[in-house]
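The values are calculated or read from the model by the stated rules, or taken from the named source; none is laboratory data. Note that the structure is predicted; figures quoted are calculated from it, not measured. Here Cβ is always computed from backbone atoms with ideal geometry, including for glycine, and neighbour counts include all displayed protein chains. When the accessible area is computed, the model is the full protein with side chains, heavy atoms only, and any ligands, DNA or RNA have been set aside. Shrake-Rupley method; radii C 1.70, N 1.55, O 1.52, S 1.80 Å.
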Amino acid sequence: MIDGATDLYQDGALPADSDVQWLVDTIDQQLTSAGEDGYDGAAAALLEVIADDIARRQRALGFPTHRVPPACSIALCVDQGVRYDISRVGDATAVVAGREPAVLATAYFDRREAAAVEAGEPDPQRVIAAMHERRLHTMTSGDTESVFSGHPRRQLRPHSFVGAWATTDTILLCTDGFARLVTDYGLYQEWADVITDAIGRGLPYLEALIRKTEGGAVGGGRRFKRADDVAAVLLTS
């Protein structure tokens, strides 16, 4: 599950409709190839390999060194046969349901966004400069969280979980826009209930709940965007 970060520039420097579209499409192609080749190693290791390749491709395409490269969040599950390996980079969420439940999520990016919204900087140029600074920080600082990118000084911070298929009923990978069901809107108190409805009612039902909420007074909150991309992958045994 890949969630592209908003482009920071009006013009594109890479051969696609936008820089982030190029990034997402390229990652998708590489993950598809890895799956077709039967990759069964660690998810985090695969993401590191892909990030290295993204960086090489950007250099070969003459991506300007002064420009902040495109970024995204990723939640990846690798089938290893008896077991599986999940890694999350950025603000994607991974939820495991079964005898050994787990949630890989973070409020790190929400806190940063809320602080920026509350600051209410009126100067558009300073707003843009602050956005660039925050993006570079999450690419290169080595902080507890990162976004996925091909920045030459990138420091990925994947968070991982290894589980057994025998003890797992369902795995949900989703964007932060989908996670608003729990994190922002409180439509569900527990991820277990989200998975129950995802199985029983379907993911389109949950998407409709999100969009209905965003259309009312509850939507928005302490975020730049009132509504966000909604994507989810549901794996059931």
Every residue from region 15-43 that is out of contact with any strand residue (DSSP E or B) (no Cβ under 8 Å at 6 or more places or on another chain), under 17 Å from F63 (Cα atoms) and assigned to a helix (DSSP H, G or I): D19, W22, D25, T26
Test for G12: is it on the phi < 0 side of the Ramachandran plot, part of a loop (DSSP other than H, G, I, E, B) and open to solvent by 30 Å² or more (accessible area, probe 1.4 Å): yes
Pairs, first touching a residue at least 12 places away in the same chain (Cβ under 8 Å) and under 14 Å from H132 (Cβ atoms) in region 6-18, second part of a loop (DSSP other than H, G, I, E, B) and hydrophobic (A, V, I, L, M, F, W, C), C-beta under 6 Å, six or more apart: L8/V68
Criterion (among the β-branched types (V, I, T), out of contact with any Lys or Arg (no Cβ under 8 Å at 6 or more places or on another chain) and at pLDDT 95 or above) met by exactly one of I74, I50: I50
Complete set of residues in region 50-66 that are more than 19 Å from Y39 (Cβ to Cβ) and open to solvent by less than 60 Å² (accessible area, probe 1.4 Å): A55, Q58, G62, F63, P64
Residues of region 81-108 satisfying the condition of being within 19 Å of A166 (Cβ to Cβ) and within 22 Å of the chain's Cα centre (by Cα): Y84, D85, I86, A94, V95, V96, A97, P101, A102
Residue that is surrounded by the most Cβ atoms within 10 Å (Cβ to Cβ) [pool: residues in region 137-177 that are among the polar types (S, T, N, Q) and in a strand (DSSP E or B)]: S149
Selection from region 183-233 of residues that are within 30 Å of V82 (Cβ to Cβ) and either open to solvent by less than 50 Å² (accessible area, probe 1.4 Å) or modelled with pLDDT under 95 (or both): W191, V194, I195, D197, A198, G202, L203, A231, A232
Some residue of region 92-109 being surrounded by 14 or more Cβ atoms within 10 Å (Cβ to Cβ), of a type in the set (D, E, K, R) and either farther than 30 Å from D197 by Cβ or touching a residue at least 60 places away in the same chain (Cβ under 8 Å) (or both): no
First in region 208-219 and under 14 Å from G177 (Cβ atoms), second anywhere and at pLDDT below 75 and assigned to a loop (DSSP other than H, G, I, E, B), Cβ under 8 Å, 6 or more apart: R211/A227; T213/G219; E214/G220; E214/R226; E214/A227; G219/R226; G219/A227
